[in-house]
Amino acid sequence: MFKKLFSKKPTIEDLQINVENCEYEGIHKGVKVWRTELGDAFGVYFIKMVPDVPSELSKAQGYYKKQIEESGGKLVELHIEKIEDIQSIRLIAKIPQAPSGMTYIHSITIPFKNFSYVIKGQFEEYGATGCREAVLFDKYPAPGLIDSFDNEEYDNEFPEHPLSRARATFKKDIKAISLSKILKSYASFY
């Protein structure tokens, strides 16, 4: 009983990420913030409440798809992966910008029983919008020749596109995610 009563509570510092090619901007309103060379931002959020995620991982795809579509966006992809033995949810969504273009949100939710961490990046489309789609549509004009303009296989052709930047930042710049000993002592959500 006394062990739990006096044990250290988790903080934002208990989740560490090894970041390259990005500038650390400090903690703003409780969020650790970095900025990429192209001006995109991402941060680590510590959420001190029971995670707002489906209780079963098998329902994650449908849950997030519905949530994102209700806000006018589209779920691009969702993957379940382990981060130091914690079942985590990685997703990319796209949200329309006004007057044109898309903002891509790439996030990783690391849920514990009574709290969670979210690593979230925001990647905006700027300049001429819709170039990726227009070029790919010219290459594959017939319906069914291309599954989706958002497929990762096209990222190398369009490295400046916000979706490509989102994937590259989370693959190349965020080198490692590690949990403190304190976090490892807490029950995971799944």
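Summary of computed values
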item: Candidates Tyr45, Tyr126, Tyr117, ranked by Gaussian network fluctuation over the chain, Cα under 10 Å, top entry; result: Tyr126
item: Förster-model FRET efficiency, 41 Å R0, Asp138 and Lys29, C-beta, rounded to 0.05; result: 0.40
item: Cleavage-rule hits (GluC sites (Glu not before Pro)) in the stretch 35-142: DSSP loop, at most 12 neighbouring Cβ within 10 angstrom; result: Glu37, Glu56
item: Amide hydrogen neighbours beyond the local backbone of Val31, cut-off 5 Å, H modeled; result: none
item: For the chain, built as a Gaussian network whose Cα springs stay under 10 Å, the top-fluctuating residue of Asp40, Asp14, Asp138; result: Asp138
item: Inter-site label distance for Lys82 and Glu160 at 7 Å from Cα along Cβ, in nm; result: 4.2
item: Euclidean distance between Cα centres, the stretch 152-186 to the stretch 86-110, Å; result: 12
item: Label-to-label distance, nm, for residues given as Gln97 and Tyr126 (7 Å Cα→Cβ offset); result: 0.8
item: Label-to-label distance, nm, for residues given as Glu20 and Lys48 (7 Å Cα→Cβ offset); result: 3.5
item: Net charge dipole size for the stretch 10-175 [Lys, Arg +1 and Asp, Glu -1 on Cβ; Debye, nearest 20]; result: 480
item: Other-chain or far-sequence residues with amide H under 5 Å of Glu77's (modelled H); result: Ile92
item: Fewest-first ranking of Arg132, Arg90, Arg165, using other Cβ atoms within 10 Å as the exposure measure; result: Arg90, Arg132, Arg165
item: Length gained when the stretch Lys65-Glu37 is fully extended (0.36 nm per residue, less Cα-Cα span); result: 7.0 nm
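Read-outs throughout are calculated quantities, based only on the coordinates presented, and are distinct from any laboratory measurement. Keep in mind that this is a model prediction, so the values were computed, not measured. Cβ atoms come from the backbone with ideal geometry, glycine included; neighbour counts cover every protein chain shown.
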